[in-house]
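For reference, the structure is listed below as C-alpha cells.
The values are calculated or read from the model by the stated rules, or taken from the named source; none is laboratory data. Here the structure is a predicted model, which is why all the values come from computation and not from measurement. Reconstructed Cβ throughout: ideal geometry from the backbone, glycine too, with neighbour counts over all protein chains shown. Only protein heavy atoms, including side chains, enter the accessible area calculation; ligands, DNA and RNA are left aside. Shrake-Rupley method; radii C 1.70, N 1.55, O 1.52, S 1.80 Å.
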Amino acid sequence: MNEGTPGGSTPNQEVDAWTPAPEPPVSDAAEPAAPPPPYDGPPPVAPQPPAPPAKAGRGRTILVIGAIVVFLGVVLFLVRNNVNADDLKVGDCFNIPNGTTISTVEKQPCTETHNAEVIFIGEYTGDSYPISLSLDSYLQDNCIPAFETYVGRPIDSEPELALAYFYPTRDGWDGGDRTITCYISQPDEGPMTESLKG
C-alpha cells in the first residue's frame, strides 16, 4: 500500500486512467421499418357477419303443398274405381287386371268401357285346395249354368264370349277363403260398353 503525503500530491501513486465503455456489438438485424404514412382514404369498414341462410318463402311452401295435392288427386282419380276382388257382385263390370294373383280390380259402370262382367259367385265346397281338375268340375256344375241363365243363351252359341274365373290363393285358402268368382269377357279381352245380361 502506498502512502501519500497530507495535502500534497502523491507522485508515486498510480492512478487508473478512465477508459470508455465498450461499444455495444452491432447487430446484423435490419433496422425497424419506418411507420407507414398516415391513411388519407375513407375510414375502414368493419367486416360484416355472414348473412343467415335464406328461408324458403311462403310462395315456395305453397308450391310444394300444391304439387303434393295435385299428385294425390291424380292417384286418387286413377284408383277411384278400384275394389277388392272379393267385393265384386253378380252384374258388376270391371277391367281384368294383369298378373296371375289378383287382389283388386277396376270396377266400371257397364255402360262405360270394361272387359269383364261377373255372372256367378259361389263357395267351393271341396276339402282340399282346388286343382285344375276339381275347378273344371266346379265350373261345369256352377258357372256354365250361370252363364246360360245370365246371358239367356247356351254358352256354345256364344263363340265371341269366354268364361273365366277367380279363385283363392293358397294363403287365402288357408285363411278360410273359398270364393269362386266367374265372369265373362271376349276371348281377346277386348273392350265392351254394355252389359251382357239377358
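At-a-glance table
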item	result
Residue-span extension gain [ASP87 to ILE62] - 0.36 nm each, minus C-alpha spacing	5.1 nm
Inter-site label distance for ALA162 and VAL45 at 7 Å from Cα along Cβ, in nm	7.9 nm
Sulfur and carbon atoms: percent of accessible area, region 108-198 [1.4 Å]	48 percent
Solvent-accessible surface ranking, highest first, for GLU194, GLU117 at 1.4 angstrom	GLU194, GLU117
Extension gain from SER103 to THR125, taking 0.36 nm per residue of separation minus the Cα-Cα distance	5.8 nm
HN-Hα J in Hz across region 187-195 - Karplus 6.51, -1.76, 1.60, θ = phi - 60°, x for Gly and Pro	x, 9, 6, x, x, 10, 10, 8, 6
Region 74-162: equivalent-ellipsoid semi-axes (sqrt of 5 x gyration tensor eigenvalues, Cα, Å)	25, 19, 11
